[in-house]
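Every number in this text was worked out from the coordinates using simple rules, so none of it is lab data. Nothing here was measured: the structure is a model prediction, and the numbers come from that model. So basically every Cβ, Gly included, is an ideal-geometry build from the backbone, and we count neighbours across all protein chains shown.
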Amino acid sequence: MKRHLSILAVLLLGLCGAAAFGARPFPSGSDAAAILAAVDARSSGSLAPKDMQSSMVMTIHQGATTKVREIMAWSRNNKDKDDDRLMKFLAPADVRGVGFLVLGGDTMYIYLPEFHRTRRIASSNKKDAFMSSDFSYDDLGTGEFAKSYDPVLKEDKADVWILELKRKPGSDTAYPKIIMTVDKAKSVAVKSELYDEAGRLAKTAEQTPTQVKGYWIPTVIKMTDNRKNTSTTMELKDAKVDQGIGDDLFTERSLVRKVQG
Amino acid sequence: MARKWTAWVVRRRIPVLIICGLITVAALAGVPRLRFYNKMTDWLPKDDPQMALYHETSATFSANNVVLVIARPKAGVFTAETLGKIRTLTKALKDREEIFSVTSLSNVADIKKTADGIEVRDFLDSIPADPEGLKALAKLARSKDRYIGQVLSADGEWFALSVFLSDKVETISAVEKIVIPQAEKILGGDMGLFFAGSPSDGHFINLYTRRDLVFLVPIMLAAIILILFLSLRSWRGLLPPVLVVVLANVWLFGLIGWMKRPMTIITPAIPVLLLALGSAYGLYVVNKIRSDCDADRDRAAKDRRAMVIASTAAVVTPILYAAVTDIIGFLAFRSVKLSLIADFGVFAAVGLFFAAVLATTLLPALASTIDFGAARSGKAHQGLTRFLEAGAARVVRKPGLTLAVFVVLMVVGAAGIFRVEREVGFSGFYAKNSMPRKAMDAANLHFNGAYPDSFFFEAEDVRDPARLRLIRRAESFLSSIPSVSPPLGVPDLIEELNDQMNDRIALPETKSAVENLWLLLEGRRELAQMITPDGRQTIIYSKISDPTTKFCTDAYNRAETYFKSEAARRPVQVELNALSPDQAISVRAAEAGFLAEELSWAAQEGGGSAPAPAAIKDVLVAALAKELPAGRLQPEVAQKIRAFCFAPSFPFEASPAQMETIAGRLSDLAAASPEAVIPEAAAVAVLKKHLPPSVYDPDLAAEAAATAAYIAREARENMREAFLRAELKPLIPAGSATFEKRAAAVLYDLVDGLAVVPAAEAPAGAAPVTFKRADQTGYPVMTTKLSSSLFRSQIQSILLAMAVTLFLMILMRKSVVLGLISILPITFATVVMYGLLGIARIPLDYATMLTGSISIGVGIDYTIHFLYVVSEEVRAGHQLPEAIRLAFLERGRAMLSNTAAVTAGFSTLLLSSFVLLRSFGGIMVLSMLLCFIGAMTLLPAALLVVRPRILRANDEK
């Protein structure tokens, strides 16, 4: 009996330890809601970094044309709304110094260095493309899936779960249906197939997560627009998390300051 | 040979009849596969560079495949229900892969300035439920000059959706199967719905042509049968020629169906053509058989088959001569570049071949089995004989006078030919109260037209600041052409965004500034219709509200002149700050002259009047030399500097008192110079002096100083632009919102540091501003090319037909003189007919251009038959006048019957719903009469006057 209790205690401790170090929260294989909750927790919830700084390379492939943008990005996790984000363009040279500040996902400021001017932009059209990439403003949002979608577990494979997410009535997200492939070990969505109102596969998002200080961060995200045959890849480099980024970074003043990079 | 052939056919009459039956059944099976296809751009050869560009821009920008869905809802546009329907329809269409994009009230961008920025949304992001909200929405929409004439009419009663169809699909089919059904389903019946634009034209042409073919052909047939019955007085006599025509049509259209060749707008002319020519083949056979049987009734009763063989053999040769001439004449159309006409030629040739084969095989086979009835010598018959004899006598008596009259008529006709106009646009073909015509009228009146007119530019980077100015210049030029809607291009989007972000409607002077703004523009839906992702190609898009050929050709020529003259000036770009003061003044004056042209065009706005560029230039040069009004610039700069210092984005955190001091000191720097210049080094010094050391940062100070200097410069430029506009007001009073925006953008060019001027007026070594390609495209190009091609095709086809006919006639008659005389009647008919077109101002279009060829075919048939009898009678020993008289009697009846019948047939085209086919019917009636008169009058008169040697043998005896 004592021996059994010891083994049990070790197992329990081990489980707690794994959880503390950011291992997966072990949702049940048949519990789609729990799986989705775990994904949300990992991406923007309790298991996501409090803040992050990284440099980003965005490569946009449009037919024979390829555009490359280098961006320095900071983000801060907000509990009940989208993250605060600050992005400063490093390259190409013509747009170096352009800054975007997004507060809570809704309020956006842009700084245009050539005009020495900051402007607030209120855009209700989240479906528009971000910087002509295949990501829409909606796609880049960090809101929780569980708030907008009802999940159903479609397949339980060896390494992944396949969820079908159906948009909740009254939700205004762009995609009525998403087929999400979730890595079991990391509780991260590694692939999402996004369907449009006509039921066609509109876009496919693929992520490659990398562990940074115990957090699974998608360091490579590729979005393919299946209708237009274009794709955009975002590659995060030198990601630094939980640095205690303060409020003073997410201000218009920061937007104007030059970035060394 | 003819006899052997006919004997062979008569001996095998049963198999011949069976084979004809089987072919007919097979052909009928092909008829359900027939389809109409009227896409004008497919008729032109693709090797023309401008047509190649047309197709390229259609594929890249879908610029040329636009359908306007226009509606006038009874309940009004700004009701929740109507707005909801517009939104639903927009969504339903734009999700389809056949649709490139849709612009409507629902998704047109609504960008407005707010206190500290801009707000971007789709116009119908939300639909108010309350009447006050709807009223406010209506007022807002009607205040936006970009909406009026695009998605909403000026009176607010009509709305439009611009549906750009993908070039990857068959556009007419997309209209028929997607756009129209969706619009009718979603918008409903009480909307007063219309569809305008080239793709919908193609749909309506298909629809109306199909209706006409089904409706008119039976009527035509009935009319012809009636006339033939009156002439032949026998059902058994008239049915064979009618059968030849009907079967020839069935075989031909069955073959077209099996070969999957599309039918076009002029395909309905083919049954008409076969009726005109094919019925003649059958009539000659039937007439000959009946009259021979009537002349020797005993022999006909004893040995009918021998009679049939002899009679048919007597007419087979001239029928085949006529058929070969016609067929080769129509096959010559294959050399014409307009595929519409080339295909018509082949169809006609094949149809005539079938008619000739049927007339010389089926009819003798039938005649040897069935009695075609006797030619009754009733009163009408005798009356006709007397008429023909009188006609012959009149011609034989005064051939010289007859010939002279015809020559005069031909001279008058020739004079009229030079007044012939052309019309190739579908818009003129519809009746006034028809649906497509009403749609076109609505589009022209409320939405600046439905037909695209675009300018295309290609370069390494079309977003280069200097190139953007030239593209905007082209927009200004395009806007000056009457009946052209205000153009929209990439410069407009950049100017609009610059205005919203920086309060100035201007094209930036540096590449970086353009790219800064471009970051915000990227991803906007409308960009796909204006610029390629790599930034190498762009179009300026506008519409025309006058799609007639005359206008389109004029617009085309104007644009050609524009591009040529612009290329000849070799524009260059100059950085004014790099020049000496004197050089800068000189270049500025040159720039003023260059921009004065642009202002003059812009002021003309759709064909109005404007001051001459020279006068505008003088005002601008004088204004540039003046100083800004004193006491206004510095306070403006001071106000903006203060706002900068107190903005949340000011790089330094300091107390209000410190900010106030800094703002004051910076303003003092501005006040120290008349042009309010803030030297950056001095500004840095101010910041260093008045900021706490713990806060001061040299990099941030440099940034802040640069911003202060920029603010001062911007204020100065804004003020100078306003001053220039005020100086111009006496010469160019306030215009439309569109003009004022254009004027502001042009005047800002004159106050910034970049100048684009002709090379001849620039310092040596200035960098050229070039485009790899710059050209026009769109409806005027297509129309002009079609019109030229139609004209060339017409000339070519007539000359070819004449040449081929002359050659064959010389060959057949073995006499050059006789060959030349043979083509006199068709020359007369052609010249007089086209002359009348010019005098009566009936345009040459797809249908009327066929009248020449048909006239030649009919005319030469009459000539061949007439000459054949004349030659035979001369060979039989008669003198020429007597031979002519006998030809009148022997062939005159058949020719008259044929002319009357075909005239009656063509007259039914006057019932067509198409103006095009109505004109064609009327012209063909005239043409048939001219052919008959020419063959029966001019031909014998010429023979009698010239007396070719080959016909003189008996005279000498």
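Remarks
- Computed from phi, the 3J(HN,Hα) profile of the range A:43-51 under the Karplus parametrisation 6.51, -1.76, 1.60 (θ = phi - 60°) reads 7, 8, x, 5, 9, 9, x, 6, 7 Hz, with x in place of Gly and Pro.
- Nearest-ten-degree value, helix B:339-367 long axis tilted from longest Cα axis of chain B: 20
- Residues whose amide H lies under 5 Å from that of A:Asp134, counting only those 5 or more places away or on a different chain, are A:Thr232; hydrogens are built 1.01 Å from N in the peptide plane.
- Peptide-level mean, for B:507-516, of C-beta atoms on other protein chains within 10 Å: 5
- Under 5 Å from the amide H of A:Val220 lie the amide H atoms of A:Thr208, A:Leu236, each residue being 5 or more positions distant or on a separate chain, with H modelled from the backbone and absent for Pro and chain starts.
- Residues B:His878, B:His690, B:His865, ranked from the fewest to the most other C-beta atoms within 10 Å, line up as B:His878, B:His690, B:His865.
- Cα point-scatterer Debye curve for the range B:65-203, base-10 log of I(q)/I(0) at q = 0.11 Å⁻¹: -0.40
- Across the range A:82-87, rounded Karplus estimates of 3J(HN,Hα) from the backbone phi angles (6.51 cos²θ - 1.76 cosθ + 1.60, θ = phi - 60°) give 4, 5, 7, 9, 10, 10 Hz, Gly and Pro being marked x.
- Karplus-derived 3J(HN,Hα), 6.51/-1.76/1.60, for each residue of the range B:866-871, Hz, glycine and proline x: 4, 5, 4, 5, 4, 4
- A simple count of charges around B:Lys260, restricted to other residues whose Cβ falls under 9 Å of its Cβ and scoring Lys, Arg +1 and Asp, Glu -1, yields +3.
- Nonlocal amide H pairs with B:Met263, under 5 Å, H built at 1.01 Å: B:Arg35, B:Phe36, B:Tyr37
- The angle between the Cα long axis of helix B:304-331 and the main principal axis of chain B comes to about 20°, on a 0 to 90 degree scale.
- Peptide B:113-120 has a mean shielding of 5, counted as Cβ atoms of other protein chains within 10 Å of each residue's Cβ.
- Near B:Gly30: Cβ cut-off under 13 Å, other residues only, Lys/Arg at +1 and Asp/Glu at -1. The net charge is +4.
- Charge sum, other residues only, whose C-beta stays under 11 Å from B:Val757's C-beta, Lys/Arg counted +1 and Asp/Glu -1: +1
- Nearest 10 degrees, 0 to 90: helix B:915-933 Cα axis against chain B principal axis: 30
- Electrostatic dipole magnitude of the protein assembly as shown [Cβ: Lys, Arg +1; Asp, Glu -1; Cα centre; debye, to 20]: 5720
- As a proxy for reagent exposure, B:Arg473, B:Arg397 were ordered by neighbouring Cβ count within 10 angstrom, fewest first; the result is B:Arg397, B:Arg473.
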